[in-house]
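Only the coordinates and a few stated rules stand behind these numbers; no lab work does. Quantities reported herein were computed from a predicted structural model and do not represent experimental measurements. Counting neighbours? That spans all protein chains shown, and the Cβs are built from the backbone with ideal geometry, glycine included.
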Amino acid sequence: MRRGAMLAALAGAAAVLAACGTADANFPAETVCPSPQAVPTSRATPGAVSPQAFVGRVRAGAAELRRAREELREVYPNDTFYRREAFRPDFAAYADRTLCLAQELRALQAPTERLAAWKARVDGALDELIAHTAAGREAVRRRNVSAYREWYREADARIDAVETAAAAAP
């Protein structure tokens, strides 16, 4: 009798997990990120990355992350897991764009010691954004509405953290 109750409980748990969402073979595969853009070099030291260009590139990247989020929000303005056919591929494209840009910014090397501490703070915020965005992409892939709403609640705060770290004085 105990085994029957356990099997019933397992069947119930499987039904609950299935209701949370399942993967879809038609969901877009992750995009292969393009090669990173080169940061301009210094005129004073040929071949060395310009500190001003480096800071400018990081800040422009943070602004681009915000733009990507705003563009998605224009089409999908709230935390609803949209049933429109285009939502999931649109979200995957947004997540891939965000992940590629964040990884590109993360890979940039600070050209000076003074900028290294500033870049470390930006990198910490980027790491959180990368993990959060990947989780959101997976939630949408699996059609997990609860996990999507968790992503939605924190999405702007993660981007704010990148923007704040990038805007701070180096």
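What the table shows:
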read-out: Relative packing of peptides 75-88, 124-137, 147-160, 104-117 - highest average C-beta neighbours within 10 Å first; value: 124-137, 147-160, 104-117, 75-88
read-out: Under-5 Å amide H pairs with residue 49, H placed in peptide plane, nonlocal only; value: 42
read-out: FRET E, pair residue 164, residue 86, Förster distance 30 Å, beta-carbon r, rounded to 0.05; value: 0.40
read-out: Estimated vicinal HN-Hα couplings, Hz - region 64-80 in sequence order (Karplus 6.51, -1.76, 1.60; Gly, Pro = x); value: 5, 4, 4, 4, 4, 5, 5, 5, 5, 5, 4, 8, 10, x, 9, 7, 5
read-out: Region 64-146, relative contact order in percent, only Cα pairs under 8 angstrom and at least six apart counted; value: 36
read-out: Magnitude of the charge dipole, region 51-134, Cβ model with Lys/Arg +1 and Asp/Glu -1, debye to 20; value: 180
read-out: Inter-label distance for residue 145 and residue 30, nm, one decimal - labels placed 7 Å from Cα along Cα-to-Cβ; value: 2.8
